[in-house]
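Notes follow once the structure below has been shown.
Where a number appears in this text, it was derived from the coordinates with a stated rule and is not lab data. Owing to the predicted nature of the structure, the values given are computational and were not obtained by experimental measurement. Cβ placement follows ideal geometry from the backbone for every residue including glycine, while neighbour counts extend to all protein chains displayed.
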Amino acid sequence: MDARQLEYFLAVVDHGGMSRAAQVLYIAQPSLSQAVRVLERDLGTSLFDRVGRRLVLTQAGHALVEPARQIVRGLAAARSAVDSVGGLEAGRVEIAAMPSQAVEPLSGMIRRFTERHPGLTVAVRSAFTPDEVLGMVRGGVTELGLAAGPEPIEAAGLDVVPCGRQRFVLVTGPDAPFPDGEPVPRELLAGRRLIVGQPGTGMRRLVDDIRASGVDVVPVVETEHREAILPLVLGGVGMAVLADSWTSLAERAGARVFALDPPAHLHVALVGRPSLTPTAAAFVATIDRQGLSAGP
């Protein structure tokens, strides 16, 4: 067994099959299939069951995923440490981020980081809930994660860097019947059609809390795609409760944005393993020096 075999195995897992993994790895599919078969032979067990045209992890395959990620991540850390001896001129940091926080503060974090280290690159992976972010960091899928939740982020075994709070706002079309500049009491949302996120997200939890308080809002669309929300709002489908990281984009697109009364917030934090590659450590250090705050 060697590291390249493990990288190939993880690519098949992460991309859902041989064909897509081969494209991402820039190798021929038969070569990838052969590498996986050799790995299975070396381990003495099957890692995938072939179900029609699909590959499904066996119990042994599931058991290999996390150790494989740690080995591949450890080798990447070793390479990065050696490369950094002469200065951080090349390298890559991978970050898992939730959609709203990927708009801000992550875009600001990346801007400051790349200004300070122009030879380094950043890869952003999507996650929809705080648990997904923490799972990707713990599992070695990424080194860092940007998570947000209604309570301060806690992550046993990981380092947590608080990045402030983001308030929730109400985003409406241009003809919303609310006075400019004034917070909207939650009871005025009664009977309003809302576009909501999937269960487990902060925006969905807040809408559920509003409904539980007796305000009869009407969830008309549930979507995992945050990029679809503004077009839906501007198209008159409904209003949306979003993190205020969307405020600038929403207003430039012609939507109106209101504070909510009473207010609600998300606590934002950057999480990472205690031992980071020099590139990831430089990303965290840049953030600390900026004294980040993610919102009021």
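Of the listed peptides 237-246, 113-122, what is their order by residue-averaged count of other C-beta atoms within 10 Å, with the highest listed first? Mind showing how you got there, number by number?
Working: 237-246: 24.1, 113-122: 14.9.
Per-residue mean Cβ counts within 10 Å order the peptides as 237-246, 113-122.
Within the listed set Ile27, Ile153, Ile95, the residue fluctuating most in the Gaussian network model of the chain (springs between alpha-carbon atoms under 10 angstrom) is Ile27.
Normalized C-alpha radius of gyration of the range 1-85, against 2.2 N^0.38 Å?
Details: Rg = 13.4 Å, N = 85, 2.2 N^0.38 = 11.9 Å.
Normalised Rg, Cα atoms only: 1.13.
Binning all Cα-Cα separations of the chain at 5 Å, short to long from zero, yields these whole-percent fractions: 1, 5, 11, 13, 14, 13, 12, 11, 9, 6, 4, 2, 0, 0. Residue by residue, the range 133-145 carries 3J(HN,Hα) couplings of 4, 4, x, 5, 6, 4, x, x, 5, 9, 7, 10, x Hz when phi is fed to the Karplus relation 6.51 cos²θ - 1.76 cosθ + 1.60 (θ = phi - 60°); x denotes Gly or Pro. Where only DSSP H runs of four or more residues are counted, the chain gives -12500 deg cm²/dmol as its mean residue ellipticity at 222 nm, each run worth -39500 (n - 2.57). Dimensions of the range 99-173 from C-alpha coordinates, computed as largest minus smallest value along each principal axis and given longest first, are 41, 32, 20 Å. Taking the chain as a Gaussian network of alpha-carbon nodes connected by springs under 10 Å, the highest mean-square fluctuation of the residues Arg50, Arg111, Arg193 belongs to Arg50. For the range 38-193, averaging the sequence separation of C-alpha pairs within contact (under 8 Å, six or more residues apart) and dividing by the residue count gives a relative contact order of 18 percent.
Apply the a/c threshold of 1.5 to the C-alpha gyration tensor of the range 165-265 and tell me whether it is rounded, prolate or oblate.
Details: a/c = 1.26, a/b = 1.10, b/c = 1.14.
Taking the square roots of the gyration eigenvalues as a ≥ b ≥ c, the range 165-265 is rounded.
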